[in-house]
Amino acid sequence: MKTPKERSVDPATIEMLDHVADQGLSTAWDRFDAMQPQCGFGQLGLCCRNCTMGPCRIDPFGDGPSEGVCGATADLIAARNLARMVAVGASAHSDHARDVTRAMLAAAEGGDYTIKDAEKLRRLAKEWGIETDDRSLSDLAKDVAETALGQFGQQEGALRFTARAPEITRKRWEDANVVPRGIDREVVCLLHGTHIGGDSDPKSVMMAAMRTALADGWGGSMIATELQDILFRTPEWLRSRTNLGVLKEDEVNIVVHGHEPVLSEMLVAASQDRDLVALAESKGAKGISLSGICCTANEILMRHGIPVAGNFLQQELAIATGVVDSMVVDIQCVMPALADIAGRFHTKLISTSKKAKVPGATHIELDESKALQIAKEIIRISIENFPNRDTARVKIPDVSSPLIAGFTAENVFTALGGRYRPSYRPLNDAIISGRIRGLAAVVGCNNPKHMQDAGHIAITKELLANDVLVATTGCTAIADAKAGLMCPEAATEYAGKGLLEICEAVGLPPVLHMGACVDISRILVLLSNVVAEGGLGECLADLPAAAAAPEWMSEKAVAIGFYAVASGAFTVLGEPLPVQGAPGLTKFLTDEVEEIFGAKFAFESDPVKAARLMIDHIDAKRAALHLPGPMYETPYAPKTAEPAMSAAE
Ligand code: SF4
Ligand code: MSK
């Protein structure tokens with residue numbers, strides 16, 4: 001059994017792991033240890049239970065069966081399993097988008113939701129060819145929401161947002177026959193193909209998975225991000241704090257958790273209600289404090305500066321502080337174990353999604369037509385629970401870090417171009433000159449197989465030291481913020497000389513918090529804008545850019561990895577995809593797929609080595625564009641002995 005210091009690098013987590021052990025409580029780390037040894041067939045992707053002639057498993061050592069009862073090979077079994085992960089991941093992001101679309105329809109009809117970014121609504125309406133002249137906001141919102149809903153059931157053609165990708169990237173998709181047609185259609189087609197006796201060609205299954213993943217990144221996820229910005233406001237830079245130390249001993253603590261901000265937006269509004277604040281005071285609390293876990297936290301951080309209590313592996317630890325009066329969960333990454341730990345404290349676990357109930361939780365379902373009323377009711381229940389705390393068991397680690405969040409494809413453009421000449425030109429010029437060596441997206445979850453946050457932080461620091469600007473979302477963003485990488489001063493401490501010059505000139509942190517997991521769509525738009533600005537190639541695969549997910553665990557992360565590669569981003573995974581018992585499939589994903597999309601996967605659990613794979617890729621792309629190497633000496637020098645020819649030569 002590992003010690004707390006072997007389980008996490010986060011001091012608040014380490015302190016709480018000691019505390020829960022003292023109290024005889026168990027967490028995901030303990031359950032992970034109890035699960036050992038985990039099934040080797042599953043880890044290698046070699047177990048199939050797609051029909052009741054099975055379950056079948058392939059012997060990776062060649063001593064046992066090499067085919068399932070139906071004749072499915074290791075490559076086919078692993079490909080179908082992986083494809084199903086992509087389908088689930090894409091469904092999660094996209095069904096989230098569907099609910100946001102419904103909230104926008106509710107806003108168009110009047111009620112609690114209103115349009116907060118009318119300008120973005122008009123811009124999107126124009127992009128989609130919807131008449132904007134002399135139209136009321138509610139008319140426009142209705143048309144945009146209905147058009148967005150149409151993207152789910154569309155049967156032919158291309159999803160609208162794919163038009164945002166560079167032309168050459170789209171051409172690659174056309175040539176590979178992976179242009180996503182409709183979001184639901186792609187998910188269904190992919191699942192259909194994995195039925196017994198369906199698509200028997202592992203590569204064909206993978207290409208269908210790529211198409212479905214593109215329907216997520218350039219479909220569901222992008223719809224969620226764009227419509228949330230319109231409904232709830234487009235983020236701007238703001239300051240906040242993160243880690244368990246944001247919980248308040250003397251206030252009512254309401255912790256939101258999950259992914260969909262449709263209710264949590266209302267909780268933000270309701271938490272400021274004077275009557276509710278007065279009720280809290282009447283119970284002896286000094287106020288109402290809202291904070292969050294995972295991506296619901298990231299959503300309300302980005303738009304309101306609400307502090308973040310922690311990332312995925314801290315959800316149980318937050319309750320173990322003894323001060324969480326309610327944990328309000330929606331969907332995705334909400335551990336079923338929460339009900340048990342909440343039951344051992346006074347915490348009310350409140351489930352709110354019609355798609356996700358938790359035995360042992362109080363279910364208060366979100367109804368968009370009375371969202372504010374429901375939010376107030378949840379806050380009232382939380383306040384009433386405040387006096388039930390066992391103060392003798394309270395333990396809040398005095399650990400939290402400042403951060404700047406709120407970066408978007410729109411405001412990075414303003415930030416780097418200056419308020420009066422907003423443009424991507426300065427960013428492109430900084431990359432072309434080598435002051436910024438390249439761009440990296442580092443994203444993803446926590447996973448008890450890996451020391452919590454260690455991979456996120458080490459990979460990010462290595463990239464920064466080598467003048468790579470990092471954009472991040474999800475639980476990586478929270479990990480980086482906890483480690484102090486998201487304040488402008490972090491550039492002085494961690495960035496190489498070139499990146500530091502840029503950060504100092506514009507007051508940027510070297511790591512840009514771009515939101516929740518669905519907001520990786522912001523990074524796709526940002527990179528497309530960089531291509532459109534010129535001088536850095538003709539498609540996303542030409543860019544000196546790479547992606548990583550050091551501690552990923554979810555099916556959504558698989559879908560994200562697939563759309564990143566299909567979009568042209570070399571993607572390094574700290575935890576391998578479950579394909580390693582399938583040599584042909586592994587070769588396809590880590591090698592051959594590059595022929596098709598200009599990008600591939602790599603698996604590397606050592607974060608410094610992973611960062612260096614990304615930097616090697618960035619350097620190779622710079623050389624292919626005839627750009628010079630990094631402007632200044634960096635700890636990890638380019639491998640090429642000859643300096644690349646400068647752009648000016
Ligand atoms: Fe076995 Fe084939 Fe059925 Fe899978 S689909 S369980 S490999 S018989
Ligand atoms: S919350 S998907 S653990 S990043 Fe988006 Fe974190 Fe991964 Fe969930």
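Considering only residues in region 440-488 that are on the phi > 0 side of the Ramachandran plot and buried (at least 23 other Cβ atoms within 10 Å of the Cβ), the one that is farthest from ligand 2 (Cβ to nearest atom) turns out to be 467. Please work out if residue 425 is assigned by TED's automatic domain parsing to the domain that holds residue 306, in contact (Cβ under 8 Å) with a residue 24 or more places away in the chain and over 22 Å from residue 572 (Cβ atoms). No, not satisfied. Taking first residues from region 235-259 that are free of Cβ contacts under 8 Å to residues at least 60 places away in the same chain and outside any strand (DSSP E or B) and partners that are open to solvent by less than 40 Å² (accessible area, probe 1.4 Å) and not aromatic (Phe, Trp, Tyr), the Cβ contacts under 8 Å between residues at least 6 apart in sequence or on separate chains come to 250/285; 251/280; 251/285; 251/287; 251/288; 251/289.
For beta carbons closer than 7 Å, sequence separation of 6+ or different chains, a first residue in region 606-623 that is part of a helix (DSSP H, G or I) and a second that is open to solvent by 40 Å² or more (accessible area, probe 1.4 Å) and not basic (Lys, Arg), the qualifying pairs are 610/604; 613/604; 619/638; 619/640; 621/542; 623/640. Find the residue count for region 113-168, including only residues that are open to solvent by less than 60 Å² (accessible area, probe 1.4 Å), farther than 21 Å from residue 409 by Cα and among the basic types (Lys, Arg). Total satisfying the criteria: 0.
Among residues of region 541-564 that are closer than 19 Å to residue 585 by Cα and without any contact (Cβ under 8 Å) to a residue 40 or more places away in the chain, none has a beta-carbon under 9 Å from a residue that is among the β-branched types (Val, Ile, Thr) and within 11 Å of ligand 2 (Cβ to nearest atom) at least six positions away or on a different chain. For region 219-235, name all the residues that are open to solvent by less than 10 Å² (accessible area, probe 1.4 Å) and acidic (Asp, Glu). Correct list: 229 only.
Among the residues of region 169-198, those identified as open to solvent by 30 Å² or more (accessible area, probe 1.4 Å) and of a type in the set (Asp, Glu) are 174, 175, 184.
Annotation: residue 370 fulfils all but one of (1) out of contact with any helix residue (DSSP H, G or I) (no Cβ under 9 Å at 6 or more places or on another chain); (2) not in a helix (DSSP H, G or I); the unmet one is (2).
So for region 314-321 (the condition being crowded, with 24+ Cβ neighbours inside 10 Å, outside any loop (DSSP other than H, G, I, E, B) and within 13 Å of ligand 2 (Cβ to nearest atom)), does at least one residue qualify? So far as region 314-321 goes, yes, one or more of its residues are crowded, with 24+ Cβ neighbours inside 10 Å, outside any loop (DSSP other than H, G, I, E, B) and within 13 Å of ligand 2 (Cβ to nearest atom). Residue 64 falls short on exactly one of the conditions (1) more than 16 Å from ligand 2 (Cβ to nearest atom); (2) under 28 Å from residue 315 (Cβ atoms); (3) of a type outside the set (A, V, I, L, M, F, W, C), and that condition is (2). Hey, any hits in region 289-296 for a residue that's in contact (Cβ under 8 Å) with a residue 40 or more places away in the chain, in contact with a Ser or Thr (Cβ under 9 Å, 6 or more places away or on another chain), outside any helix (DSSP H, G or I) and not small (Gly, Ala, Ser)? No, region 289-296 has no match at all. Just need a number here: residues in region 37-69 that are under 28 Å from the mean Cα position of the chain (by Cα) and part of a loop (DSSP other than H, G, I, E, B). Of the residues in region 37-69, 4 are under 28 Å from the mean Cα position of the chain (by Cα) and part of a loop (DSSP other than H, G, I, E, B). Please work out if residue 551 is touching a helix residue (DSSP H, G or I) at 6+ places or on another chain (Cβ under 7 Å), open to solvent by 10 Å² or more (accessible area, probe 1.4 Å) and within 13 Å of ligand 2 (Cβ to nearest atom). No.
Considering each residue of region 65-86 in turn, none proves to be within 30 Å of residue 453 (Cβ to Cβ), at pLDDT below 95 and open to solvent by 60 Å² or more (accessible area, probe 1.4 Å). Picking from residues in region 191-214 that are hydroxyl-bearing (Ser, Thr, Tyr) and under 18 Å from residue 74 (Cα atoms), the one that is farthest from the chain's Cα centre (by Cα) is 200. Only one of the numbered conditions (1) open to solvent by less than 30 Å² (accessible area, probe 1.4 Å); (2) assigned to a loop (DSSP other than H, G, I, E, B) is not met by residue 359, and that is (1).
Looking at residue 84, is it touching a residue at least 40 places away in the same chain (Cβ under 8 Å), under 30 Å from residue 583 (Cα atoms) and either within 16 Å of ligand 2 (Cβ to nearest atom) or among the basic types (Lys, Arg) (or both)? Judged against the criteria, residue 84 is a match. Contact annotation: residue pairs with Cβ atoms under 7 Å, 6 or more positions apart or on different chains, pairing a residue in region 51-67 that is within 9 Å of ligand 1 (Cβ to nearest atom) with a partner that is hydroxyl-bearing (Ser, Thr, Tyr) and open to solvent by 40 Å² or more (accessible area, probe 1.4 Å), are 58/66; 67/73. Collect the residues in region 322-356 that are within 13 Å of ligand 2 (Cβ to nearest atom), in contact with a strand residue (DSSP E or B) (Cβ under 9 Å, 6 or more places away or on another chain) and of a type outside the set (D, E, K, R), keeping them in residue-number order. Residues satisfying the conditions are 329, 331, 332, 333, 334.
You will find that of 188, 178, the residue that is more than 16 Å from ligand 2 (Cβ to nearest atom), over 18 Å from the mean Cα position of the chain (by Cα) and not in a loop (DSSP other than H, G, I, E, B) is 188 and no other. Whether any residue in region 55-68 is among the charged types (D, E, K, R), out of contact with any Lys or Arg (no Cβ under 8 Å at 6 or more places or on another chain) and under 30 Å from residue 7 (Cα atoms) is what I want to check. No - not one qualifying residue is present in region 55-68.
The rows are residues; the columns are (1) surrounded by fewer than 16 Cβ atoms within 10 Å (Cβ to Cβ); (2) not β-branched (Val, Ile, Thr).
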residue: 325; (1), (2): no, yes
residue: 338; (1), (2): no, yes
residue: 370; (1), (2): yes, yes
residue: 373; (1), (2): yes, yes
residue: 382; (1), (2): no, yes
residue: 404; (1), (2): no, no
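More than 30 Å from residue 111 (Cβ to Cβ), in a helix (DSSP H, G or I) and either out of contact with any strand residue (DSSP E or B) (no Cβ under 7 Å at 6 or more places or on another chain) or not small (Gly, Ala, Ser) (or both): does that describe residue 212? Yes, satisfied. Among the numbered conditions (1) of a type outside the set (S, T, N, Q); (2) open to solvent by less than 10 Å² (accessible area, probe 1.4 Å); (3) more than 16 Å from ligand 2 (Cβ to nearest atom), tell me where residue 201 comes up short. All conditions pass for residue 201, except number (2).
The values are calculated or read from the model by the stated rules, or taken from the named source; none is laboratory data. Everything quoted here is computed from the prediction, not taken from an experiment. Methodologically, a virtual Cβ is constructed for each residue, glycine included, from the backbone with ideal geometry; neighbour enumeration extends over all protein chains shown. Just the protein is used for accessible areas: all its heavy atoms, side chains included, with ligands, DNA and RNA removed. Shrake-Rupley method; radii C 1.70, N 1.55, O 1.52, S 1.80 Å.
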